[in-house]
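This report concerns only the one structure given below.
The values are calculated or read from the model by the stated rules, or taken from the named source; none is laboratory data. Since we're looking at a predicted model, the values are computed, not measured. All Cβ positions, even for glycine, are placed from backbone atoms using ideal geometry, and neighbour counts span all protein chains on display. Only protein heavy atoms, including side chains, enter the accessible area calculation; ligands, DNA and RNA are left aside. Shrake-Rupley method; radii C 1.70, N 1.55, O 1.52, S 1.80 Å.
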Amino acid sequence: MTTSLQGGQSATDRASAQDSPLAVQVCRVAQGRGDAHDPARVPGLHALSPASDSTRCGATDRRKKKDLDVLEMPSIPNPFPELCCSPLTSVLSAGLFPRANSRKKQVIKVYSEDETSRALEVPSDITARDVCQLLILKNHYVDDNSWTLFEYLSHTGVERTIEDHELVIEVLSHWGMEEENKLYLRKNYAKYEFFKNPMYFFPEHMVSFTSETNSDRSPTQFLQMFLSSSTYPEIHGFLHAKEQGKKSWKKFYFFLRRSGLYFSTKGTSKEPRHLQFFSDFTTSNVYMSLAGKKKHGAPTAYGFCFKPNKAGGPRDLKMLCAEEEQSRMCWVTAIRLLKYGMQLYQNYMHPYQGRSGYSSQSISPMRSISENSLVAMDFSGQKSRVIDNPTEALSVAVEEGLAWRKKGCLRLGNHSSPTAPSQSSAVNMAIHWSQPWFHHRISRDEAQQLIIRQGPVDGVFLVRDSQSNPRTFVLTMSHGQKIKHFQIIPVEDDSETFHTLDEGHTRFTDLIQLVEFYQLNKGVLPCKLKHYCTRMAL
């Protein structure tokens, strides 16, 4: 049966006319087509309108009389001329009223670093960056563009950074019904750090370029090659791979290209006949393994994996393991750039643009206006004055902080009178326990994992107790994609205890003073202390 149109009539109209000619003629009357303008010429239509000619004439006369009465009424000026429209349409257009919000809403639960959770009712098109902004406002955090939403898969022990432009509800739709997965909000200082210092994330021995672009490259040109759709540097290096469905791990030489991830079956050869496809990135995401040694028997603690977007178990994971953290960060960062490209750069340059309608005009970081309007004041004299010199303002702030700390130590150590210097010294030893950068009794490996999970960029640090010597402390910090440890040794002088990092050349009364000093001065450290690592459950 053909469905071609003849004479402007569709096949559906012809089929309907064959079944019910009267119905087709009535439809033509309603549309004003053909012979339907004259009801007398439509056969059978008189059965639907039994009114006589005289009745129709009487109705016409009454209508004309009613129109004349309306015209005789005095005219009233229209106070809303912008609402006027054609007499054949409604006076108030439906477009003038606000449209109903058709976006569906869903309740999500987001966990903090201390395992406390907060429930949010969000629309279906909300992005990860918008969720971070809402929680920043609700918790009165200071937004430094490092707050990140993480996806944690409990049954496999892996997690990943949810990109700022990703839809949160879409991420949750890939979870299984019986899986106890979680969303976490915490800081990730390395989320966009590769745009600032790309050479730290991509060591020269792991990156190769074509012969045409093998000359000296600036960091800007280096990033342009990564973000370009035509040229992309090749990442290569050894990785441990776990065979799917087996417990054994094997070491192969891998190559990362735009078409996917490959490994060589013959040493480090990159000939096409020796390369075997491992995974692509269009239908999967890259995750960091948190417990690779315990759950998957990984040879090192620097594991990552590919997981399909659909819900699946541990057998669907394609597990990999690097030799060190710098190598793992290089692979994971390159995969993120390969998958999202310029979208990551747009997220970095415009952190407040989301698809769900939240913008910088509607959601702004807390304290941004007040911090810009703060000035340093001196109230020591009879009249207050504004301190314009930044050096003087800094010295005054340090002196006031030291004076406040001494008063606080005296109040904590001696509730009545400060007479015993030993009590004051004991308080100085314990005042750092309340600081967010101090971690009490954690191991060396746990300190490294804390810094790695919050972004191993230059200056991320924490202070912990030493496991080898109970009287000393350890400053653990990140520099050059490596975790370094510095021992804080106590020094006694005139029955007073000081802390030092440089064998007594620079002494500090307590750990707070030590941390504040190295936040402003590099000293013997490779860089200044910038971001403290907060407490979180491992």
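Overview of results
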| item | result |
| --- | --- |
| Selection from the stretch 264-288 of residues that are under 18 Å from Lys307 (Cα atoms) and of a type outside the set (Val, Ile, Thr) | Phe277, Phe278, Ser279, Asp280, Phe281, Ser284, Asn285, Tyr287, Met288 |
| Checking Met329 against (1) at pLDDT below 85; (2) open to solvent by less than 30 Å² (accessible area, probe 1.4 Å); (3) under 30 Å from Asn197 (Cβ atoms), the condition it does not meet | (1) |
| Glu323 vs. criteria without any contact (Cβ under 8 Å) to a residue 24 or more places away in the chain and out of contact with any Pro (no Cβ under 7 Å at 6 or more places or on another chain) | no |
| Residue within the stretch 160-172 that is open to solvent by 20 Å² or more (accessible area, probe 1.4 Å) and modelled with pLDDT under 90 present | no |
| Contacts under 7 angstrom Cβ, first residue in the stretch 129-157 being modelled with pLDDT of 90 or more, partner open to solvent by less than 50 Å² (accessible area, probe 1.4 Å) and of a type in the set (Gly, Ala, Ser), 6 or more apart | Arg129/Gly354; Asp130/Gly354; Asp130/Ser356; Leu149/Ala128 |
| Qualifying residue in the stretch 459-479 (condition: touching a residue at least 24 places away in the same chain (Cβ under 8 Å), of a type in the set (S, T, N, Q) and surrounded by 14 or more Cβ atoms within 10 Å (Cβ to Cβ)) | yes |
| All positions within the stretch 261-279 that are under 33 Å from the mean Cα position of the chain (by Cα) and surrounded by 15 or more Cβ atoms within 10 Å (Cβ to Cβ) | Leu261, Tyr262, Phe263, Phe278, Ser279 |
| Total residues in the stretch 424-447, condition surrounded by 18 or more Cβ atoms within 10 Å (Cβ to Cβ), in contact with a helix residue (DSSP H, G or I) (Cβ under 8 Å, 6 or more places away or on another chain) and either modelled with pLDDT of 90 or more or not in a helix (DSSP H, G or I) (or both) | 4 |
| The lone exception for Gly292 - which of (1) at pLDDT 90 or above; (2) in contact with a Gly (Cβ under 9 Å, 6 or more places away or on another chain) it fails | (1) |
| Selection count, the stretch 231-276, where residues are more than 17 Å from Arg336 (Cα to Cα) and either acidic (Asp, Glu) or not in a strand (DSSP E or B) (or both) | 16 |
| Close pairs from the stretch 263-292: first in contact (Cβ under 8 Å) with a residue 60 or more places away in the chain, partner part of a loop (DSSP other than H, G, I, E, B) and not basic (Lys, Arg), Cβ under 7 Å, at least 6 apart | Asn285/Asn309; Ser289/Gly157; Ser289/Ala298; Leu290/Gly157; Ala291/Gly157; Gly292/Ala298; Gly292/Ala301 |
| Enumeration of residues in the stretch 175-203 that are over 14 Å from Thr333 (Cβ atoms) and open to solvent by less than 60 Å² (accessible area, probe 1.4 Å) | Trp175, Gly176, Glu179, Asn181, Lys182, Leu183, Tyr184, Leu185, Arg186, Lys187 |
| Residue count for the stretch 143-159, restricted to those that are polar (S, T, N, Q) and either at positive phi or open to solvent by 30 Å² or more (accessible area, probe 1.4 Å) (or both) | 2 |
| Contacts under 8 angstrom Cβ, first residue in the stretch 106-119 being at positive phi, partner at pLDDT below 90 and in a loop (DSSP other than H, G, I, E, B), 6 or more apart | Glu115/Ala537 |
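Yes/no per residue for (1) exposed (fewer than 14 other Cβ atoms within 10 Å of the Cβ); (2) of a type in the set (Asp, Glu); (3) more than 19 Å from Ile483 (Cβ to Cβ):
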{"position": "Gly504", "(1), (2), (3)": "yes, no, yes"}
{"position": "Phe508", "(1), (2), (3)": "no, no, yes"}
{"position": "Val515", "(1), (2), (3)": "no, no, no"}
{"position": "Val524", "(1), (2), (3)": "yes, no, no"}
{"position": "Leu529", "(1), (2), (3)": "no, no, no"}
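Results for (1) open to solvent by less than 30 Å² (accessible area, probe 1.4 Å); (2) at pLDDT 80 or above; (3) part of a loop (DSSP other than H, G, I, E, B), shown as yes or no for each residue.
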position	(1), (2), (3)
Phe304	yes, yes, no
Gln346	no, yes, no
Gln353	no, no, yes
Ser356	yes, no, yes
Ser362	no, no, yes
